[in-house]
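The structure under discussion appears below in the form of structure tokens.
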Amino acid sequence: MSVIEASTIAEARVALRSRPAVIVADYHLGAETSAALLRERPPCVRAVIVSALAEPDALATIARGVGARVLTTPVTDAEADVLIAEVRAGLESG
């Protein structure tokens with residue numbers, strides 16, 4: 001298993017070419033948001049949005065719209081377990 005990091009949406013789009021099993025995206029990535037990127041991902045790629053800067057209700061609506069789970073930071077132990085489970089599920093199905 002490898003991890004590909006991206007600090008901008010452009011870098012993330014390049015990383016998507018490798019067809020990752022799971023994307024863990026900060027909602028605010030540089031000057032952009034990850035919403036369009038997550039909408040563009042292949043259907044088999046699971047996604048989790050993590051953010052400390054967005055309104056929880058608005059972020060939940062965005063996450064539903066792009067088919068992703070959402071976690072706000074700081075992440076609790078239970079939320080970390082959800083994130084880990086989502087990543088594992090993506091790896092097992094990918």
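The local environment of residue 3, defined by Cβ-Cβ distances under 15 Å, has a net charge of -1 under the rule Lys, Arg +1 and Asp, Glu -1.
Within the chain, which whole H helices from DSSP have a Cα span along their axis of at least 18 Å and a mean Kyte-Doolittle hydropathy of -0.5 or more, if any? What comes out of the filter, once short or polar helices are dropped, is 77-93.
Given the convex hull over the Cα atoms of the chain, what projected area results after averaging over all orientations, in nm²?
That works out to 5.7 nm².
Taking all protein chains into account, the per residue accessible area for the chain stands at 63 Å² (1.4 Å probe).
With the contact rule set at Cα under 8 Å and sequence spacing of 6 or more, what percent relative contact order holds for the chain?
After rounding, I find 28 percent.
Seen from residue 40, the other residues with C-beta closer than 12 Å to its C-beta sum to a net charge of +4, counting Lys and Arg as +1 and Asp and Glu as -1. Surface composition of the chain: carbon and sulfur atoms hold 54% of the protein heavy-atom accessible area at a 1.4 Å probe.
The values are calculated or read from the model by the stated rules, or taken from the named source; none is laboratory data. Computed from a predicted model, the values in this text were never measured in an experiment. When we count neighbours, we look across all protein chains shown, and the Cβ atoms used for this are built from the backbone with ideal geometry, even at glycine. Please note that ligands, DNA and RNA were not included when accessible areas were found on the heavy atoms of the full protein model with its side chains. Shrake-Rupley method; radii C 1.70, N 1.55, O 1.52, S 1.80 Å.
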